[in-house]
Amino acid sequence: MNRSHHADKATGVGDPQCFKGEAGPAKFKAGDRVRVKDLPDIFYTRTMQYCRNVVCEVVIATHESPAAEDEAWDNCDNPEWFYIVRFKQQDLWPEYPDTYSNDTLQTELSERWLELV
Amino acid sequence: MAEKHNHDHNHAPMVEEISDFEVLEIAVRELCIEKGLFTIDDHRQFTEYAHNIGPLPAARLVAKAWLDPEFKKLALEDGVKASLEVGIDWITSPPTDFGTPSDYCDLRILEDTATTKHVVVCTLCSCYPRPILGHSPEWYRTPNYRRRIVRWPRDVLSEFGVNLPEGVNVRVEDSNQKCRFMVMPMRPEGTEGWTEEQLTEIVTRDCMLGVALPHPDRKHNAKRPIHKAINPVHGH
């Protein structure tokens with residue numbers, strides 16, 4: 001079993017740069033309104049509970065990489081696009097005060113977690 | 001149980017036990033060296049690298065961007081490329097030559113404006129732009145900071161001494177995948193005509209995490225006040 005294929009691929013190129021061009025065209029673009037799906041994650045995920053089922057805006061498609069849920073198990077076969085997305089704080093937290101209704105939170109999610117609304 | 005320490009001799013307190021984690025680290029390290037995964041010299045090199053990184057390159061990057069609009073543009077577009085100008089090569093940094101493990105090579109620099117103040121967190125654990133900012137402070141990795149800054153950012157910033165007026169919107173950046181984030185704060189008033197060296201001195205680590213604002217009188221290399229102990233320990 002080759003345990004260093006990931007390192008071999010990234011050496012001198014960088015990770016996530018080494019997955020560039022492997023995910024095909026990005027499904028979402030800046031400004032798109034998307035909802036974070038609430039997918040099952042019994043083994044591993046990097047999608048926080050607090051943002052699930054919440055609608056946000058795509059800020060930018062950042063890079064291509066295997067999703068964390070795959071990469072955690074050494075599966076690099078299906079890289080996908082990652083996005084920085086922006087939430088209104090009031091959409092995340094019920095008690096967030098009206099005075100600061102323009103406050104926002106950004107995070108990164110991979111394409112499988114997002115759907116257009 | 002350990003024998004009670006006998007205090008009839010005179011030496012500074014010292015560690016008498018080794019933790020399970022230290023035992024584990026030594027065991028794994030020795031096994032790796034024995035199996036040829038890396039050499040003892042490689043290990044020394046990793047350790048030196050880890051001990052040498054710090055926030056100064058990032059401070060210089062911010063100072064450069066304040067002075068040079070072209071460089072600022074590059075920094076906001078391509079943080080990894082801009083880092084080269086301050087001597088940080090994300091792609092070939094040791095020990096792995098593709099970023100240290102979990103130091104993925106996608107640096108994003110968040111520009112504060114008159115109406116937006118950024119603050120960085122990793123709610124999952126401790127994602128941090130280590131090659132350019134050094135190791136994260138202990139508080140950055142605590143559940144207390146991680147769970148509260150996303151939900152009550154203004155309260156937490158206030159605890160750090162940053163009280164934002166109503167017209168300034170807070171933007172929390174929860175760093176949880178392969179991007180790494182640092183904040184480019186606004187250049188403070190009172191620094192007109194300053195050189196890059198001078199400006200670098202006021203861009204502290206906390207300014208680049210977003211929990212502090214640069215101030216012309218607050219330098220990262222300033223002398224710390226020394227307070228005399230109230231109950232000094234004699235004989236050491």
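Taking every full run of DSSP H in chain B, the ones that stretch at least 20 Å from end to end by Cα along their long axis and average -0.5 or higher on the Kyte-Doolittle scale are B:20-35.
As a length-normalised measure over Cα pairs under 8 Å and 6 or more apart, the relative contact order of chain B settles at 21 percent. Partnerless cysteines in chain B, where a partner means another cysteine C-beta under 4.7 angstrom, comprise B:CYS32, B:CYS105, B:CYS125, B:CYS179, B:CYS207. As a calculated quantity, the FRET efficiency between B:LEU164 and B:ARG141 at R0 = 25 Å, using C-beta atoms, amounts to about 0.55. Stokes-Einstein diffusion for chain B, with the hydrodynamic radius set to the Kirkwood value over Cα pairs and evaluated at 4 °C in a medium of 1.567 mPa s, equals 63 µm²/s.
Calculated [222 nm] ellipticity per residue, helices only, for chain A: -2000 deg cm²/dmol; basis is -39500 (n - 2.57) per DSSP H run with n ≥ 4, divided by all residues, nearest 500. Note on B:LYS228: lysines with a C-alpha under 29 Å away, same-chain residues under 8 apart excluded, are B:LYS219.
Give me the percent relative contact order of region B:168-236, please, defined on Cα pairs under 8 angstrom at least 6 residues apart.
It comes to 28 percent, rounded to a whole number.
With R₀ fixed at 35 Å, the C-beta to C-beta distance from B:GLU111 to B:ALA222 puts the FRET efficiency at about 0.85.
Quantify how much of the Cα-Cα distance distribution of the protein assembly as shown extends past 25 Å, in percent.
61 percent
Note on the protein assembly as shown: dipole from Cβ charges, positive end direction compared against B:VAL119, A:HIS63, B:LEU107; the farthest Cα belongs to B:VAL119.
Using alpha-carbon pairs under 8 Å, 6+ residues apart, how would you state the relative contact order of chain A in percent? Over chain A, the number comes to 27 percent.
Based on DSSP H segments of at least four residues, each scored -39500 (n - 2.57), chain B has a per-residue ellipticity at 222 nm of -10500 deg cm²/dmol.
Quick one: how many lysine pairs in region B:55-209 have C-alpha atoms under 18 angstrom apart, if they're 8 or more apart or on different chains? Let's see the in-between values first.
Numbers: B:LYS64/B:LYS72; B:LYS64/B:LYS73; B:LYS64/B:LYS81; B:LYS72/B:LYS81; B:LYS72/B:LYS117; B:LYS73/B:LYS81; B:LYS81/B:LYS178.
Pairs that pass both the separation and distance tests number 7.
Picking from B:LEU157, B:TYR140, B:VAL211, whose Cα lies most toward the positive end of the charge dipole for region B:122-214 (charges on Cβ: Lys, Arg +1; Asp, Glu -1)? The one lying farthest along the dipole's positive direction is B:TYR140.
Since every read-out is calculated from the coordinates, none of them should be taken as a lab result. No experiment lies behind these values; they were computed from the predicted model shown. Note: ideal-geometry Cβ built from the backbone for every residue, glycine included; neighbour counts use all protein chains shown.
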